[in-house]
1. From the backbone phi of the range 245-259, what are the Karplus-calculated ³J(HN,Hα) couplings (6.51 cos²θ - 1.76 cosθ + 1.60, θ = phi - 60°) in whole Hz, Gly and Pro given as x?
2. Take Asp114, project a point 7 Å from its Cα along the Cβ direction, then tell me which residues of the range 148-167 have their backbone nitrogen under 13 Å from it.
3. Considering the zone a paramagnetic label at Asp224 would reach in this model (a point 7 Å from Cα along the Cα-to-Cβ line), which residues of the range 245-263 have amide N under 13 Å from it?
4. Would you mind working out the magnitude of the charge dipole of the chain relative to its Cα centre, with +1 at each Lys and Arg C-beta and -1 at each Asp and Glu C-beta, to the nearest 20 Debye?
5. Setting aside same-chain residues fewer than 8 positions from Lys234, which aspartates and glutamates have a Cα under 16 Å from its Cα?
6. Given the Cα-Cα distance of Leu102 and Ile187 and 0.36 nm per residue of separation, how much length would full extension add, in nm?
7. Projecting each Cα onto the charge dipole of the range 104-207 (Lys/Arg +1, Asp/Glu -1 at the beta carbon, about the Cα centre), which of Ile140, Val205, Thr120 comes out farthest on the positive side?
8. Roughly how many whole Å is it from the C-alpha centroid of the range 1-57 to that of the range 187-259?
Amino acid sequence: MQFSGQILKMISQNGQPIQYYLNLKGDLINMNQLFGKELKIKHTGYECVNCGSDEKIYRMGFCKKCFFESPYASDTIIRPELSTAHLGIAERDLEIEKEIQLVPHIVYLAYTGDVKVGVTREHQIPTRWIDQGATFALPIAVTENRYEAGMIEVELKKHIADKTNPKKMLADDYEDTLDLIDFRNKIAEYFPNDFKKFAVTEENVIKLDFPYEAPEKINVFTLDKKPEFNGVLKGIKGQYLSFEGGDFINVRGHEGYVIELSL
């Protein structure tokens, strides 16, 4: 059986375990059903997720032109504290930026190999945590817009990480004594004064059940360096496919790549 098309990030459905669907531009393939089977992946080209051009993907699934022009790749996607839609000021396209920025946002703690702080739109929970490979997660603030969440994150990341280390996340190693509620209480003093009103005292730590067991070694490869790959699928965590022998590919990191997938 063979599929082909442009890679988009995997769609996930929270459950025990989480269900994953590889999205080849509309063709959804249930990956959980393929555990233990050999997959063959061949990189055949590119297709920008924004304009559809076959130019080489520059970053985040966009060709270079779209990366620097599309509102879906603006600086505020990575740095929410730069948001200006609440002021009526456009960065690239005000109407789209309002849709992204002027909605409730969650500031959260997540364990992805280390405890980190992050920001996401409220309706992206728990998808955001699944995509990051978070073993545990806990909301610590609910804001009215992206700017407010970003300002909280700016202060908190002076004291804790705001990035995920993929190899630590995939190592799947954590202590049973890890307590995100206690961690939240200890960093509460770092909330900026003007934004303390957004803090929440949620007591329910979310635990995510990935269809995954960590291998002895971890080797993350890209289709740029290995355009053809054969391997037996063993599990999935975050947006990473795990193959027998410790090989991993980050599906989201290959958005806009066109592949042939043979089962």
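What follows is calculated from the coordinates using simple rules that are stated; it is not laboratory data. Values in this document were obtained by computation on a predicted structure and should not be read as measured data. So basically every Cβ, Gly included, is an ideal-geometry build from the backbone, and we count neighbours across all protein chains shown.
1. x, x, 7, 9, 10, 8, 4, 5, x, 10, 4, x, 7, 9, 9
2. 157-167
3. 253-255, 257
4. The dipole magnitude comes to about 520 debye.
5. Glu38, Asp172, Asp209, Glu213, Glu216, Glu244, Asp247
6. 28.0 nm
7. Among Ile140, Val205, Thr120, the one farthest towards the positive end of the dipole of the range 104-207 is Thr120.
8. 15
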